[in-house]
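The values are calculated or read from the model by the stated rules, or taken from the named source; none is laboratory data. Keep in mind it's a predicted model, so treat the numbers as computed, not measured. With ligands, DNA and RNA removed, areas are computed over all heavy atoms of the protein, side chains included. Shrake-Rupley method; radii C 1.70, N 1.55, O 1.52, S 1.80 Å.
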Amino acid sequence: MKEQLTNIRNGAMAALESAATLTELEELRIQYLGKKGELTAVMKGMGGLSAEERPVIGQLANQVRGEIETALEEKKSSLEAAAANAKLESEKIDVTMPGNKPAKGKKHPLITVLDDLKDIFIGMGFSIAEGPEVELDYYNFEALNIPKDHPARDTQDTFYIDETVVMRTQTSPVQVRTMEQQKPPIRIISPGRVYRSDAMDATHSPVFHQVEGLVIDKNITMADLKGTLEVFVKKLYGEETRLRFRPHHFPFTEPSAEVDISCFNCGGEGCRICKGEGWIEILGCGMVHPKVLRNCGIDPEEYSGFAFGIGLERVAMFRYDIDDIRLFYENDVRFLEQF
Ligand code: DAH
């Protein structure tokens with residue numbers, strides 16, 4: 001029996017030594033120490049031993065059981081540690097490796113320019129007003145002193161929804177809508193999309209953007225208009241920029257003017273950007289026509305005001321030296337990435 005026990009111990013030790021998984025280990029535990037296990041079988045046979053042998057063999061059996069149990073425990077911890085290590089190894093990350101950069105969008109150049117414009121006017125106390133792009137003929141033309149047969153309609157041919165509804169050709173209708181809803185003093189700018197049935201080329205697009213400006217209060221004069229625009233262009237193009245007012249005609253202002261700035265590129269010498277002129281036209285403006293004020297229920301004897309309209313694309317094209325308006329709308333990433 002002694003020999004049997006020694007064999008069991010040696011067999012168990014060798015088997016434990018080569019066990020590779022926790023499942024194998026559990027199988028071995030059952031094989032040796034389980035109720036129907038080898039060691040149990042030997043102990044069951046102890047009844048047939050003599051009184052002298054029994055305690056000796058009993059002690060030995062207990063010793064073998066203890067040794068196997070200890071070896072099982074040790075093997076179990078070492079297998080568990082190995083498993084944990086393997087897991088750590090497989091989940092290891094190198095924090096010094098470069099990450100995957102998320103593709104980040106950018107502001108469209110037109111939006112950048114618009115944001116700058118808004119900042120400048122908001123800084124002067126203006127607020128932002130909005131109006132619909134699908135507009136009544138009344139607001140787009142009629143109320144702005146452009147009756148049905150007026151030649152000014154020719155230069156602003158648009159898309160007609162029906163007889164009375166058009167895609168707005170200018171942001172000027174927002175002037176009328178604002179004056180109908182607000183009492184003076186009024187100080188607003190209104191940026192937005194406008195439409196004209198123009199063929200697409202390097203400087204024309206059937207859809208483009210304008211920023212309208214309107215100031216109505218008591219005692220507003222042309223000097224206020226000039227002062228406001230001067231602050232605006234100097235903030236946008238630099239302190240050294242000069243302004244030039246050229247007489248012009250708009251049906252909704254009287255007097256009206258077009259405004260040129262000294263070329264920001266050559267300072268007025270004449271260059272490629274200003275086409276040798278030294279001046280660049282940037283907006284139309286004037287004193288709000290008394291008829292327009294009256295159309296909006298404002299008494300021209302009590303109030304006066306000025307208005308202006310800026311082409312956003314033009315400003316952006318000069319700012320970034322872009323020579324084709326179509327680039328703004330094509331959404332070519334190679335173009336957009338440059339700003
Ligand atoms: N609406 C004009 C256009 O689209 C621009 C303009 C000129 C707006 C004079 C104004 C203004 O407010 O006073 O050509």
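Rounded, prolate or oblate: which fits the range 152-296, taking a ≥ b ≥ c as square roots of the Cα gyration tensor eigenvalues, rounded meaning a/c under 1.5, else prolate when a/b beats b/c?
oblate
Given just the C-alpha atoms of the chain, how large is their convex hull per residue in cubic angstrom?
In the chain, the Cα convex hull volume per residue is 277 Å³.
Determine the calculated [θ] at 222 nm for the chain from helices alone, applying -39500 (n - 2.57) to every DSSP H run no shorter than 4 residues and normalising by the residue count; nearest 500 deg cm²/dmol.
After summing the helix terms and dividing by residue count, I get -13000 deg cm²/dmol.
Using DSSP H assignments, which helices in the chain have an axial alpha-carbon span of 15 Å or above and a mean Kyte-Doolittle hydropathy of 0.0 or higher?
Correct list, ordered by number: 109-123, 222-237.
Could you report the chain's accessible area per residue, 1.4 Å probe, as an integer in Å²?
Averaged over the residues of the chain, the accessible area is 56 Å².
Can you pull the percent of Cα pairs in the range 245-339 with separation above 18 Å?
59
Could you work out what % of the accessible surface of the range 148-262 is carbon and sulfur, using a 1.4 angstrom probe and leaving DNA, RNA and ligands out of the count?
Carbon plus sulfur share of accessible area: 51 percent.
Could you sort out which of Lys35/Lys75; Lys234/Lys275; Lys101/Lys235; Lys35/Lys76; Lys118/Lys148 sit more than 31 Å apart by Cα distance in this structure?
Lys101/Lys235; Lys118/Lys148
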